Ligand SMILES: Cc1cc2nc3c(=O)[nH]c(=O)nc-3n(C[C@H](O)[C@H](O)[C@H](O)COP(=O)(O)OP(=O)(O)OC[C@H]3O[C@@H](n4cnc5c(N)ncnc54)[C@H](O)[C@@H]3O)c2cc1C
Ligand code: FES
């Protein structure tokens, strides 16, 4: 279990992935070293093994314990930021390439499930997009027209058997899918282990350096991995200081699970046109019941710390539609990286010869992670990939210039906080389990009072590029609004791109 899972547990987290894997205990060699063991890193590792290449996969935490353990796993090739938005950002051929690659990723998951007989609830189902009462009805017309231009099958319908939605216009997309993400990755890891993959949890990579004929990775504990190529699949890249971070922005999203009688709601992926949108799916629960998973209430990381209000809003929304919904079983939160044009950045790092990157999940990271496995292993093997151009890491779309400026305003505003007072005057204001920012002379201090009363004081300056941290009361960690790093109250890194822990702060009262 990773440090923050205690306060924010998804429905998947009881499934252990690669429970026998051990931290790196010495130096290692491989054809390819993969940093990060989420859906992206593990899928890339699997495809490299199929080409006869050896892989070592390193993760700072548990295997598949990052955002992949917090997903809701809608496997929807349909661009989740809307097809019309996709077409507004990309040329028609690129948008078609995007949709084709997302569909190919889904097909690849299905093949792997069948090939290895992975019991992970994988199933094809429909995706249903419903008009939110606050949206213009024309939004569905635009979506249907965009689907037509992209060659995507869609059916117009009216009404769902849900209170308040019986007359609502909807679009139904056949051929989407879903699964239990960690059960799938457990099966994938078993298949990889049988092919000789080396998986190392609790083995943080601290530096990646290119050498004359390969790469050298420095790993916590003083170990080293030498490989011919490196793949950085850490969700937010830990190796590049600026290149990607100005082109994507971290958003926090919330999810809850409730018991529901099996058969009460048709098995499908549901989402609506609200902004931020709601998303709903089903998974198997206990005692012959299903669990309904509902998500949404997104906000930019660090710009709100009101999780109880957001969970209450999610619950009110879903109980209005399904008044007979059962008890809540889980609530959790996680982070997605939104890019300028809704596509991930996947491929060889433009500044490197032997380092590849997969980042910019765009809230569609389950399929994007598998798309990365269709592109990067092919590039490493010298085969080329028909999808590479769509996801080229160096692209900065001209049509997204306004978004680029507004997203990067966060870093500028955040830097101004150096001059502002702290949020609390003294640690005495902190109750058990609470955190707050203190001013100490010219410095800002991240102060946390443990449930046993112990106070932890760390610098409130993110070790990535120096932004000021914000307290996340729900997950009891420090979030960086600039590029999405998270730190535990003791200063250790929970989520990249940061690599180094927060500096200690001197005792403050
Ligand atoms: C609530 C929620 C709902 C979502 N719903 C959907 C959905 O329905 N459909 C969909 O497609 N997507 C969804 N997403 C997004 C999707 O889950 C993620 O984009 C995806 O899981 C990211 O996978 P990843 O492999 O890129 O990153 P991760 O799973 O985060 O893996 C990255 C790994 O890198 C490791 N790492 C970081 N730094 C280092 C280091 N220095 N050394 C070694 N290891 C390191 C981390 O520990 C982590 O395990 C959702 C996300 C959330 C939070
Ligand atoms: S994550 Fe980049 S400054 Fe914090």
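The values are calculated or read from the model by the stated rules, or taken from the named source; none is laboratory data. Quick caveat: nothing in here was measured; it's all calculated off a predicted structure. Every residue, glycine among them, receives a Cβ derived from its backbone with ideal geometry; neighbour counts consider all protein chains shown.
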| task | Return yes when residue 211 is over 26 Å from residue 26 (Cα atoms) and surrounded by fewer than 23 Cβ atoms within 10 Å (Cβ to Cβ) and no when it is not. | result | no
Picked from segment 496-509 (must be crowded, with 20+ Cβ neighbours inside 10 Å and modelled with pLDDT of 95 or more), the residue farthest from ligand 1 (Cβ to nearest atom) is 502
Over segment 332-386, the set of residues more than 17 Å from residue 234 (Cα to Cα), in contact with a strand residue (DSSP E or B) (Cβ under 7 Å, 6 or more places away or on another chain) and within 14 Å of ligand 1 (Cβ to nearest atom) is 332, 333
Expected output for segment 450-466 (first residue on the phi > 0 side of the Ramachandran plot, partner within 16 Å of ligand 2 (Cβ to nearest atom) and modelled with pLDDT under 95, Cβ below 8 Å, 6+ apart or cross-chain) is 466/415
From the option list 17, 32, single residue qualifying as closer than 23 Å to residue 332 by Cα and either within 12 Å of ligand 1 (Cβ to nearest atom) or surrounded by 24 or more Cβ atoms within 10 Å (Cβ to Cβ) (or both) is 17
Screening 474, 487 for residues that are in contact with a helix residue (DSSP H, G or I) (Cβ under 9 Å, 6 or more places away or on another chain), at pLDDT 95 or above and within 16 Å of ligand 1 (Cβ to nearest atom) leaves only 474
So the strands (runs of 3 or more DSSP E) completely within segment 203-271 holding 3 or more residues that are at pLDDT 95 or above and under 22 Å from residue 314 (Cα atoms) are 248-260
Assess whether residue 477 counts as being within 10 Å of ligand 2 (Cβ to nearest atom) and either surrounded by fewer than 24 Cβ atoms within 10 Å (Cβ to Cβ) or not assigned by TED's automatic domain parsing to the domain that holds residue 304 (or both). no
Within segment 27-83, residues more than 18 Å from the chain's Cα centre (by Cα), over 30 Å from residue 151 (Cβ atoms) and in a loop (DSSP other than H, G, I, E, B) come out as 27, 51, 52, 53, 54
Residue set 75, 83, 53; condition crowded, with 23+ Cβ neighbours inside 10 Å, more than 14 Å from residue 203 (Cα to Cα) and either touching a strand residue (DSSP E or B) at 6+ places or on another chain (Cβ under 6 Å) or at pLDDT 95 or above (or both); output residue 75
Reported set for segment 113-159 where residues are over 30 Å from residue 16 (Cβ atoms), in contact with a strand residue (DSSP E or B) (Cβ under 8 Å, 6 or more places away or on another chain) and free of Cβ contacts under 8 Å to residues at least 60 places away in the same chain is 137, 144, 153, 154, 155, 156, 157, 158, 159
query = Taking the condition part of a helix (DSSP H, G or I), away from ligand 2 (no atom under 16 Å from the Cβ), crowded, with 17+ Cβ neighbours inside 10 Å and free of Cβ contacts under 8 Å to residues at least 60 places away in the same chain, does residue 310 pass?
reply = yes
When (1) modelled with pLDDT of 95 or more; (2) outside the structural domain of residue 318 (by TED's automatic domain parsing) are applied to residue 88, the one that fails is (1)
